Each structure stands twice: as structure tokens, then as C-alpha cells.
Amino acid sequence: MIKKFRIGNPIETDSVVTKIDIENGKIPYFETVSAEKKLTLKMEKSDRVYGLGETVRGINKRGYIFTSNCSDDPNHTEDKRSLYAAQNFFVFWGKVKGFGMYVDTPGHVSFDIGYTDKDIFSIIFEDFDADIYVVDGDSIKDIVKQFRGIIGKSYVPPRWAFGFGQSRWSYMNEQEVREVVDNYDKQDIPIDSVYLDIDYMERYKDFTIDDERFPDFTAFVKEMSDKGIHLVPIIDAGVKIEDGYDVYEEGVKNDYFCKKENGENLVAAVWPGKVHFPDFLKDDTRRWFGEKYKVLLDYGIDGFWNDMNEPAIFYTEDHLKEVFKQLKDYEGKNLDIESFFNMQGLVGGLANNEEDYRRFYHEYKGKKYRHDKVHNIFGYNMTRAAGEAFERLSPDKRILMFSRSSYIGMHRYGGVWCGDNKSWWSHLLLNIQQMPALNMCGFLYSGADVGGFGADVTEDLLMRWIEFGIFTPLFRDHSAKGTRRQELYRFVDKESFKNIVRLRYSLIPYLYSEFMKAVNNDGMLFTPLSFEYPDDEMAYEVEDQLLVGESIMIAPIYKQNASGRYVYLPEEMKLCRFRSYEDYDVEIIEKGHHYIKADLNEVLVFIRKGHALPLAAPVERTEKIDYNGLKYECFECDKDDYEMYVDDGISR
Ligand code: MIG
């Protein structure tokens, strides 16, 4: 059962699609402390908190403070309170009580879950305006399902988007892209897509193609498509200010951009230098910007990723002027500890400065709002612009779309990737722990940059990360300009990379089927053990194993030099230790704790009792998978016991 309560006068976010009447009584479970703009709750020892989507730290969120404030911060260290997303749904679960709560407000809100006082959970609002949905249910899974039922069905990508994708910030021209594909094909490593980062554009202008780097883009898209390869270009939130650039000129003429208090368009800077930000909260702007994707659809493009939509800001013109003026005071001075750090702060504080988010406004549902009040729904509405346009522009064919910034509601229009992680073992674990929380909030098509975006990867880390990535719907190797090259064929043990990526393709019928079941039944693809085995105390302790769909449990290895790991089995299971689709050993393992060996090239998959895992013969492209030739690994069941979801993978 879901009840809705209202605090103050909240701004509508369109994240909930079911109409629910507002209750008059007080919000249950929490104490409302209006004077301090917060809700508080005393936690019992057994209470745990799950959810909040894309954040740092473990699956159980108790013990830290998280703030919903979409930010472009490429250092996802465990002290960070915010990453790119604002996904304000959690489940509180303990021996005395259990419930779910969705805090719907587009402004800043903090979840202090035992940070200030280890036994107090406080929800602290910047503005005490929010719609609060309280979900009562019999189990964590039931609560999640009910919540998902009111926010609308999750986005479904085309099936080819379950194939492997290679990306790199710095593919400078079509020849480089061609070589990537040729190298994958030469090594027999399957691949479905290559991502185009900002360098494909003419001077970083959205919806343009640099015609020196891609002299005949139509022909190139066709050449790739004939090979079964999808090119997926990036779209940035900022529109370059440049005379003669149609997107800029139309935006100015029709008042599509965000404005300052004085009515002038805000001038900020990102990749192209000075830009205006489309006011994605405004219906007209959304419609117009969404329509622009047609430029690329007409080239034959069928997938996109939306970046920098927190929005990321290098500086605003006004702030930069102020800083230059203030810097004059420091000229010729003997800078001491205080003045030096102050000066450094002026320059270092230019990017993503909170102050800048108070310098511009939106027109939303007929009213004017200062940006910081609606900050967390900006990226959501950029992706919504695209998603709504694709329904018009491509009514028969699904288009791949995922975004960096997000808010609940955006899950209907696209997936997410987890932004600029690093080639760190701890970020492989973070990737594992983020998946269930994303799923709870409706983000099913998701994944992180496999191998890590920043820093130099090592072959063993990449191998272990690929071994986990083969289970995530979005399975993309992406890395930053200037870091070690990360394409799989550049490493020594190409054979193992090949075998593991091929295993992914063997798993696609299962993964796609389980993904679609999660969409249709408002379920999760990645489930923590505690959600599935609530009566098993030990299951609550496990933070590094996940159930993937109904048939399997995975126990990824995320530690350097490990030749195995401790695994907890909540019931007897059948272990498949995969080196490849053809080569694996099988063993029945009893309930309890075990140390399970797994060499660097081995993937551990545990099949649950009474369940079956379908496997396809490996192929080089998703669309070549032969659904008639599936084999089944079963544990005390029959292949007929497995309900397979199948469709054409492309139509809506
Ligand atoms: O801050 O377009 O997260 O995936 O490669 C850099 C360049 C801007 C951030 C994205 C990353 C992408 C990069 N972008």
C-alpha cells in the first residue's frame, strides 16, 4: 500500500505517473521537525537501509550521509555525498519495522543515515517542500515492486544494446573507428557498437559532424551498419554560442535557453567555450531540442549518450569576470598561507560552482524557478526531450539512450551509465554495489565504464571487470583521453578476453529475458541476497554477491592477485566455473561459506536449485544469436521450467 503526504508546496517533477490522493495525517515512521526542516527516525540495531540509486559505499546505506545534488565530480571516493544522480527512493528494513519511502523534490535533500548520530536517520531538506510516498509491504521485493508500479515502466533499449560496446574519449576520425572494429573482428572478440565521444563534432557543436574527420558520415554509418556495427554519438547539454550555427540561432530566436535574472541568456562555458543551456524544463525547448536528434537519426544513427547534463559548468561568464577582478588584489603581493589559498580557491572554484546554479532560471509549468531549486531534474528533462522525440521520430524502432545525470522519472526515457569512475579495484566493487540500488529506482538499463574511465588500467583488473561486466545490460569499455589504451585486443591474453566476451553473447538470451521480465513485472535484474533470502541472517551481511535474474547468483572477483574468493551460499547451488562457453567445470556446492577457486580467466556462476540457465552458441554480433540452438545448464529442473521472454528486439 502506498500513501502520499505533502510537505509545504513542492515542485512537481512528473516522476510519479499514478495519481494518488494526498493524506492529511502525519508522515508515519518519522518525526517531523519543521523548525529544522527535517524528518528523523531512531534506528534499531537490526535496521538497514537500501536504495538511493547511484551513490558511493555499500549496498546497505546505513552509516553515512548522502545528498541528492547532481554533480560532475570525477573522483568517486567514498567520502563523496553526491554523484551525478538524484534517486531519492529507499527501503528501510529491520526486525521491528520495514517500509519504503520516496522523497520527491527537485531540490537538495540529504539522507543522514547514522552519520551525525549512528542510530538516527534524518532526512534534511534545503527547502521544506516535498511529496513523500510511504510504501508498506510484506518484503523488500514487494515494496520495490509497488514503488516501481507508480513511476511507470522502465526504458527498454534495442536488443543490440546488450552487445559489447567499445568507447574511448579520443577516437579522432573514421579511420580510428574502423581500426577498432577490424581489430575486434580479427581477434574474434564480439562487438556490437562503437561510441563516438566529443571529437566527432565540429568544434563540439551538438548535432554537427566534423567533415574533415568524417568526410562522408552517411557512407561511414552505412559501412559500419553493413558490418553489424552501431555508432553511438555523445550529445552534450551546452549549445555553443556561434553565429551561423543553427541550433544556437534558433535557440536565441525562440527563447529556448536558460536566462539570468535580468532576462539575458546565461553564458556558461563547457567544451566548445561559451555556451547557452537549453531550458529543458520548458515544453517548447524540450520539443525543439528533441527534434534535433533527427539530424543524426537521418544519418542512420540509432543510439546516443547524453553527457554533462548535471549541468557541468567550467565557469560562467559573470563569475569569471568577478574572479579576474578579485585577482587584481593579489598582484604584486607577498602571498602568505591565507592569501595564497584564497587566491587558489578563486581559480579552483570556477568549475561546477554552486553559486553559478543560482545565477539562472527556468520556465517550468508556466512558472519561473531559480536553477538550484530544480537542479536535480535538469539532466532528466534533457533525456526526456530525446525520449519523447524518439517516440515521434522513430515510432517503430527503439533507440538506444542513456544519460549521465538522472532523477527518478528519467528511467522511462533512458538508462544511465555511472560516469567517470577510475581504473581502481575499489571501483569494480562499487560497480557491483551500485547495480541493485539503480534497479530499485527503475534504472534497469545501466552499467559503469568497464575497466574504469580515469587512470591507467592493468590487464588483470580489466579481465576481472569484464568478468562482471558481462552481466550488466550496458556493457561498455570506456576510457579517458590520456590514459592507457583499454581496447581488449591490446592486451596479452587476448584469448581469455575473447572467451569471456563470447560468454556474454551466450548469456544474452537469458539476460535479455530477465531484463524484460524485470521491466514488465516492475522487478529487479540485480538483487542483493538479503532481498531474496530475508530469513537468512547471513544473507544481510553479503555485499559482494548478487542474484542476476531468477536463475543465477554471481560472486565477482574484485581483488588484485586473488585466485579465488570466499562465497556465501544461502542454499545449495550448482557452480559453473566458466572459462568459455565450451570449457567449464560443474560442481554442486552446499549451503554455507566456501572458498571458491577462480583463476584470472574464470567466471563463477551459481545456478539456483530448480532453475535453468539458457546459453546460446557464441556469435560475433547480438543479432546473429541462434535462439533455436540454446543449451541449458539446469540444477534439479528441466529446460521447460524456464520461461523465456523473446521478441524481435527492435520494435516498440
Ligand atoms: O569531463 O566527453 O563522463 O564519459 O568521455 C569530460 C568527454 C567530459 C565526461 C563523460 C565521459 C566523456 C567525457 N566527458
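The values are calculated or read from the model by the stated rules, or taken from the named source; none is laboratory data. Bear in mind the structure is a predicted one, so any value in this text is a computation, not a measurement. FYI the Cβ positions are ideal-geometry reconstructions off the backbone, even for glycines, and counts take in every protein chain you see. Just so you know, the surface numbers come from the protein's heavy atoms only, side chains and all, with ligands and any DNA or RNA stripped out. Shrake-Rupley method; radii C 1.70, N 1.55, O 1.52, S 1.80 Å.
Sparsely packed loop sites in segment 281-372 (the trypsin sites (Lys or Arg not before Pro) outside DSSP H, G, I, E and B with at most 12 other Cβ atoms within 10 Å) comprise Lys333, Lys365.
Stretching Glu354 away from Glu541 to a fully extended chain increases their span by 63.6 nm, per 0.36 nm per residue minus the current alpha-carbon distance.
The simple spin-label model puts a point 7 Å past each Cα toward its Cβ; for Thr77 and Glu179 those points are separated by 3.6 nm.
Loop-located GluC sites (Glu not before Pro) in segment 571-644 (DSSP state not H, G, I, E or B) with no more than 13 neighbouring Cβ atoms inside 10 Å: Glu582, Glu590, Glu643. Each Lys and Arg Cβ is given +1 and each Asp and Glu Cβ -1; about its Cα centre, segment 2-151 then shows a dipole of about 600 debye.
What trypsin sites (Lys or Arg not before Pro) does segment 27-64 have in DSSP loop regions with at most 16 other beta carbons within 10 Å?
Lys45
For segment 71-123, the alpha carbon convex hull comes to 99 Å³ per residue, rounded to a whole number.
Based on the Kirkwood radius over alpha-carbon pairs, what is the Stokes-Einstein translational diffusion coefficient of segment 418-542 at 10 °C with 1.306 mPa s viscosity, in µm²/s?
D, rounded to a whole number, is 102 µm²/s.
Surface analysis of segment 2-151 yields an accessible area of 39 Å² per residue, using protein heavy atoms and a 1.4 Å probe. Remark: the Cα gyration tensor places segment 511-641 in the oblate category, a/c being 1.5 or greater and a/b not exceeding b/c. Ellipsoid semi-axes for segment 480-554, based on the Cα gyration tensor and the rule √(5λ), read 31, 18, 13 Å when sorted largest first.
Take the Kirkwood radius over Cα pairs of segment 168-279, plug it into Stokes-Einstein at 37 °C and 0.692 mPa s, and you get 209 µm²/s for translational diffusion. Computed in the context of the full set of protein chains, the accessible area of segment 511-641 at 1.4 Å probe radius has 43% of its extent on carbon or sulfur.
Here the scattering of segment 98-234 is modelled by Debye summation over its C-alpha atoms, one equal scatterer each and no solvent; at q = 0.10 Å⁻¹ the log10 of I(q)/I(0) is -0.64. Ranking Ala448, Gly610, Val374 by how far each Cα lies toward the positive end of the dipole of the chain (charges on Cβ) leaves Val374 at the top.
Kirkwood Rh over Cα pairs of segment 306-434 into Stokes-Einstein at 25 °C, 0.890 mPa s: D in µm²/s?
Reported coefficient: 136 µm²/s.
Which stretch or stretches of segment 581-606 have amide N atoms under 17 Å from the point lying 7 Å from Lys624's Cα along the Cα→Cβ direction? Hits in segment 581-606 for Lys624 at 17 Å: 581-582.
Inter-label distance, Asp21 to Arg203: 5.9 nm, where each label sits 7 Å from its Cα along the C-beta direction.
The ratio of the alpha-carbon radius of gyration of segment 517-563 to the globular-protein estimate 2.2 N^0.38 Å is 1.33. Using only alpha-carbon positions in segment 2-151, the gyration tensor eigenvalues give semi-axes of 21, 18, 16 Å once each is multiplied by 5 and square-rooted (largest first).
On full extension, the segment bounded by Asp142 and Glu36 gains 34.9 nm, given 0.36 nm per residue less the C-alpha separation. The length gained on full extension between Glu459 and Trp424, counted as 0.36 nm times the residue separation minus their Cα-Cα distance, comes to 11.4 nm. The Cα-based radius of gyration of the chain, divided by its Kirkwood radius, gives an Rg/Rh of 0.96.
Counting pairs of alpha carbon atoms under 8 Å apart in space and at least six apart in sequence, what relative contact order in percent does segment 2-151 give?
Over segment 2-151, the number comes to 31 percent.
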